[in-house]
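The values are calculated or read from the model by the stated rules, or taken from the named source; none is laboratory data. Note that the coordinates shown come from a computational prediction; the quantities given were computed from them, not determined experimentally. Reconstructed Cβ throughout: ideal geometry from the backbone, glycine too, with neighbour counts over all protein chains shown.
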Amino acid sequence: MSQENSHFLEEMFYPKSIAIVGASPNDPESGWMGRLINFGYGDRGEIYPVNPKATEVHGLKAYATVRDIPGPVDYVVFNIPARFTPQVMADCVAKGVKFVHVFAAGFGEIGTPEAKLLEQQLLETARKGGLRMLGPNCMGIYCPESKMTFNIDFPKEQGNVAFVSQSGAESMRLVFLGQDVKLYFSKVVSYGNAIDLDAPDFLEYLSADEKTRVIALYIEGVRQGPRFFAAIKKCLQKKPVVILKAGLTESGAGAAASHTASLAGVKSVWDAFFKQTGAIPANTMDEVADIVQALVRMKPPRGRRVAVVGRGGGIGVIAADICERAGLKVPPFARETRDKLTQLIPEAGAGVRNPVETTYGMGGAADFYRRGLSIVDEDPETDVILIHMAIDVYGSRTPNLAKLAAEAAATLCERVPSLKKPVAVGLFSGGHPDVIAAVTAARDKLTGAGIPVFSGVESASRAINKMTNYYEFAGKQG
């Protein structure tokens, strides 16, 4: 357990014992019991299956009720239909449980009077009993350090990104998007209807969490506006916050109401919120992953002037246009920079103005990275280096494509750490399976070395622009 954070939620992310109500001998390995056991929680805490019709689940003694468990219970998962939750909540209060996670749906989000009444009944019982509730209608907690997970396929590696999500599906999506580029998490929480614990609680906790460097947030609606605003401001004093705010269109607002019973809010209000706080807005979960990767893996840029390095011709021209449309600048290199690059790239027609062409063939990319990146790094007219490797433009019959791509990636891994400017790499993936395999191998090598890799120039430039906006705002505020 972390020794630095005294917030009450520390015990929820690092419980010493977990009970699963509704655990069954027939549950698959991917069920709640299997997840905890296979993820290694049993090596650090007690797991108690609760099922009145079972004596043993996954090799562990089962108990008829939470009250029957002999030892203390910190955290209880309600893996049962909604109609059974009031009695289980009463059992948890009697047992002195600290936290409960109501996994079940069928509460306020379905909109019926009966469902809303059931939700209110749960909340009143929890508050009278002094315990805190996560949910209902949520996936719960993923914390690699404490061996908690709600998906059996989540990575066990611990990272420095936290994600607070009103949606369970989106929480899983971001974890897997991160896994693709070896970006790992400190803590993820899916909080659903949030009738008790809500986004401000988690933000207040994460603002002081030394294991977390960047916070991402998916929200549909906010119940406690002033408190939410204050919690965001508190986080942003210490670390960046990336927010995907859903439900800003008429259709999206209706979907949000039926999903988690949330009132989505007005777009103009949220535009003002982002402008006032410096929180970073994202439009898709893919963009959240891109912005987070830029924040975690790129040095803060001095400005928004980009040096574009890569395959020339139309690809370079389009890359410059994309950067400009994203809010970045692609200025000409200084005369001294262009003179040095001309000596390095003697091919007729090769561009050295910015964008700069590595060479006309994949075989020369590694050589340019080895000798030319330091020249670009010293250019006084640019602040960020964006490399598009363009492996995808080569056919499967290109001699030694996989080897050449691997050599280029290895050279970047060798050179990038010594550069003063932040570096991003765009890697398009398409075409023949052999080309896709070469791109994937290059991506794995680069991300394994901590170099940010994006699906192309467009996603990279958007992330760089929003990262730069954040640092500019933080600098003005500081």
(request) Considering only region 93-124, state which residues are at negative phi and either basic (Lys, Arg) or part of a loop (DSSP other than H, G, I, E, B) (or both). (result) 95, 97, 98, 103, 104, 105, 107, 112, 116
(request) Sort through 382, 468 and tell me the only one that's crowded, with 19+ Cβ neighbours inside 10 Å, touching a Gly at 6+ places or on another chain (Cβ under 9 Å), part of a loop (DSSP other than H, G, I, E, B) and touching a residue at least 40 places away in the same chain (Cβ under 8 Å). (result) 382
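The rows are residues; the columns are (1) surrounded by fewer than 20 Cβ atoms within 10 Å (Cβ to Cβ); (2) of a type outside the set (A, V, I, L, M).
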{"position": "87", "(1), (2)": "yes, yes"}
{"position": "103", "(1), (2)": "no, yes"}
{"position": "106", "(1), (2)": "yes, yes"}
{"position": "117", "(1), (2)": "yes, no"}
{"position": "120", "(1), (2)": "yes, yes"}
{"position": "124", "(1), (2)": "yes, yes"}
(message) So if I check each of 403, 420, which one is free of Cβ contacts under 8 Å to residues at least 24 places away in the same chain and either in a loop (DSSP other than H, G, I, E, B) or surrounded by fewer than 17 Cβ atoms within 10 Å (Cβ to Cβ) (or both)?
(response) 403
(request) Those residues that are crowded, with 21+ Cβ neighbours inside 10 Å and touching a strand residue (DSSP E or B) at 6+ places or on another chain (Cβ under 6 Å), I need them from region 321-331; list them, please. (result) 323, 328, 330
(message) Please count how many residues of region 161-191 are part of a loop (DSSP other than H, G, I, E, B) and without any contact (Cβ under 8 Å) to a residue 40 or more places away in the chain.
(response) 0
(request) Considering only residues that are closer than 20 Å to residue 145 by Cα and under 16 Å from the mean Cα position of the chain (by Cα), look in region 210-236 and name the one that is surrounded by the fewest Cβ atoms within 10 Å (Cβ to Cβ). (result) 213
(request) Residue by residue through region 150-182, note down the ones that are within 23 Å of residue 208 (Cβ to Cβ) and touching a Leu at 6+ places or on another chain (Cβ under 8 Å). (result) 159, 161, 162, 163, 164, 165
(message) If the requirement is being at pLDDT below 95, within 27 Å of the chain's Cα centre (by Cα) and in the same structural domain as residue 457 (by TED's automatic domain parsing), which of these qualifies: 390, 402, 350?
(response) 390
(request) Identify all residues within region 215-242 that are under 16 Å from residue 198 (Cβ atoms) and either in contact with a Pro (Cβ under 6 Å, 6 or more places away or on another chain) or part of a loop (DSSP other than H, G, I, E, B) (or both); write none if there are none. (result) 220, 221, 222, 223, 224, 227, 228, 231
(request) Please give the number of the condition residue 450 fails out of (1) over 20 Å from the mean Cα position of the chain (by Cα); (2) on the phi > 0 side of the Ramachandran plot. (result) (1)
(request) Would you check if residue 53 is surrounded by fewer than 23 Cβ atoms within 10 Å (Cβ to Cβ), among the basic types (Lys, Arg), farther than 17 Å from residue 74 by Cα and free of Cβ contacts under 8 Å to residues at least 60 places away in the same chain? (result) yes
(message) Can you find, within region 151-173, the residue that is farthest from residue 448 (Cα to Cα) among those that are among the hydrophobic types (A, V, I, L, M, F, W, C) and surrounded by fewer than 24 Cβ atoms within 10 Å (Cβ to Cβ)?
(response) 169
(message) Among the residues in region 431-449, are any in contact (Cβ under 8 Å) with a residue 24 or more places away in the chain, touching a Phe, Trp or Tyr at 6+ places or on another chain (Cβ under 8 Å), more than 19 Å from residue 416 (Cβ to Cβ) and among the hydrophobic types (A, V, I, L, M, F, W, C)?
(response) yes
(request) Mind telling me which of the residues 428, 473 ends up being closer than 23 Å to residue 328 by Cβ, assigned by TED's automatic domain parsing to the domain that holds residue 412 and assigned to a helix (DSSP H, G or I)? (result) 473
(message) Looking at region 224-234, can you tell me whether even one residue there is at pLDDT 95 or above and of a type in the set (Val, Ile, Thr)?
(response) yes
(message) Give me the residue from region 60-83 that is without any contact (Cβ under 8 Å) to a residue 24 or more places away in the chain and not in a strand (DSSP E or B) and, out of that set, nearest to residue 27 (Cα to Cα).
(response) 64
